[in-house]
Amino acid sequence: MRGHYTGSKAHRTPALECSAQVDEDGRNEGNEVNSYGGLVLGIAALDGLLIGSKYIVMDTPAMRWATHRSDMSFSRVLGQERNWFDRSENGERQDGRAFGDNSDATF
């Protein structure tokens, strides 16, 4: 960045000076650095777009399917006759007994 100087008017020292250096073939080295920087930025942008599309393509239908299955199961339970709920095989599940008194146990 040219034009930003520190110090007195008599002795000006550029704080940041981005001067284009020319290599022995006459090419501008700054353009090559900018090209690689643009390439890295483009790859990062493409990576972000692909990760976002993965969410749309995979997670959204999976959540829709799980919600549909849950709603379908719940509606089937509620569609049973009243005496179905009174039978012992349709009562609470007793899977928690396997853990005994240890209430901190997880699967």
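The values are calculated or read from the model by the stated rules, or taken from the named source; none is laboratory data. The structure presented is a predicted model; accordingly, all values stated were derived computationally and were not measured. Counting neighbours? That spans all protein chains shown, and the Cβs are built from the backbone with ideal geometry, glycine included.
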If we keep only residues of segment 19-30 that are modelled with pLDDT of 65 or more and surrounded by 10 or more Cβ atoms within 10 Å (Cβ to Cβ), then the residue farthest from the chain's Cα centre (by Cα) is R27
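S53: of a type outside the set (V, I, T), surrounded by fewer than 10 Cβ atoms within 10 Å (Cβ to Cβ) and either assigned to a loop (DSSP other than H, G, I, E, B) or modelled with pLDDT of 65 or more (or both), yes or no?
Spelling it out, it is not the case that S53 is of a type outside the set (V, I, T), surrounded by fewer than 10 Cβ atoms within 10 Å (Cβ to Cβ) and either assigned to a loop (DSSP other than H, G, I, E, B) or modelled with pLDDT of 65 or more (or both).
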